[in-house]
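Just below is one structure, and these are the notes that go with it.
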Amino acid sequence: MILVTGGAGFIGSVLVKALNDLGIDRIVVVDRMGRDGKWRNLSGLRYADFIHADDLWNPEHETLLNRIQEIYHLGACSSTVEQDMDYLMKNNWEYSKKLFALAVQSSCKFCYASSAATYGRGERGHEDKESDVYNLRPLNAYGYSKQYFDEWVLMQKKLPKSWYGIKFFNVFGPNEYHKGSMSSVVFHAFHQIKKEGAVKLFKSYRKGVEDGEQKRDFVYVKDVARAVIALMGSGPDEGSPSGLYNMGTGKARSFLDLAHATFSSLGLSPNITFIPMPDDVREQYQYYTQADMTKFSNAVRDFEFTSLEEGIDDYVKSYLDTQDPYVAKPRA
């Protein structure tokens, strides 16, 4: 049995779909559904049970939890602008500790969502060495909540069968629609083009970086799902060596590249304007992120990531610009 927290969310639901595609449906989805339409992400997916995140530790679920063999812990507060540190620590640290303890007790595999936000401005690079963790300085409370759990895991003497802390970079793709302002730039660019015929990008406030040339490591969510499954070795495989792993493509691309690719997928000529960056974002803005994927490449041989253009083309044509934008499509 596989436990997926955040299983109704963006990456979580795409992961469940990827597991289904491998013939795996003995899955327990854990999440908080709320009122933002996130439930639609689960439509068409196959899973054995659903448990509200606040009820997971209730006594009636003890027997079920004792049967868990793998845990994908993707449920957390993912807002990079959240300021309530008590809320972040409760959701991103305390809850994660309980799941880690369950993985230790059950001697099962444990994969959890860390974040590239732990790298801060990136002045120390983006290499996923465990020995470098304590030197990182996140720029926001969200990043620190993820950083602190990485530090906590590395201090533990008792460990799960295997464990993987995944530092997600800029993930985009289907099933992110409930995330609102935290949805990817691709999602927002598509809807701006549909509504206004133009895309708005932030101006640059760093000398030597032109407007629109700020760069990120954009990674397609379908690749992310395949990659974490490969790391974990879901099923009979042992999986890769335990540790922290970056999850990007290893290739930084500009926001201009992203905008041009979105226009291209819609068969339109680019129309891009630059707007001022909000003051509350400007001080913690990252101008360059690029995942060092050496460790992942050594662990998972011959894995190929989708290019930015190919990922955007699939996202736009197969999902955003269709009547049914969700990852689990009805059978023909």
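The values are calculated or read from the model by the stated rules, or taken from the named source; none is laboratory data. A quick note: this is a predicted structure, and the numbers were derived from the prediction, not measured. Here Cβ is always computed from backbone atoms with ideal geometry, including for glycine, and neighbour counts include all displayed protein chains. Protein only, heavy atoms only, side chains kept; ligands, DNA and RNA dropped before computing areas. Shrake-Rupley method; radii C 1.70, N 1.55, O 1.52, S 1.80 Å.
For this structure, a couple of remarks:
- Restricting attention to region 55-66 and to residues that are farther than 23 Å from Ser145 by Cβ and in contact with a strand residue (DSSP E or B) (Cβ under 9 Å, 6 or more places away or on another chain), the residue that is surrounded by the fewest Cβ atoms within 10 Å (Cβ to Cβ) turns out to be Asn58.
- Scanning region 179-234 for residues being in a helix (DSSP H, G or I), open to solvent by 20 Å² or more (accessible area, probe 1.4 Å) and under 22 Å from Tyr287 (Cα atoms) gives a total of 5.
Rundown of residues vs (1) out of contact with any helix residue (DSSP H, G or I) (no Cβ under 9 Å at 6 or more places or on another chain); (2) modelled with pLDDT under 95; (3) over 24 Å from Ser145 (Cβ atoms), yes/no style:
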position: Asp36; (1), (2), (3): no, yes, no
position: Phe50; (1), (2), (3): no, no, yes
position: Ala53; (1), (2), (3): no, yes, no
position: His73; (1), (2), (3): no, no, no
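- Only a single item in (1) in contact (Cβ under 8 Å) with a residue 24 or more places away in the chain; (2) under 30 Å from Met155 (Cβ atoms) is not met by Ala328, and it is number (2).
- Screening Pro330 against (1) more than 21 Å from Ser13 (Cα to Cα); (2) open to solvent by 20 Å² or more (accessible area, probe 1.4 Å); (3) part of a loop (DSSP other than H, G, I, E, B) leaves a single unmet condition, (1).
- Elements of type helices (runs of 4 or more DSSP H) in region 56-131, at least 3 residues being touching a residue at least 12 places away in the same chain (Cβ under 8 Å): 85-89, 95-106
- Residue-level analysis places Asn246 among those that are of a type in the set (S, T, N, Q), touching a residue at least 12 places away in the same chain (Cβ under 8 Å) and closer than 30 Å to Gln156 by Cα.
- All positions within region 243-285 that are over 16 Å from Val185 (Cα atoms), open to solvent by less than 60 Å² (accessible area, probe 1.4 Å) and modelled with pLDDT of 95 or more: Gly243, Leu244, Tyr245, Asn246, Met247, Thr249, Gly250
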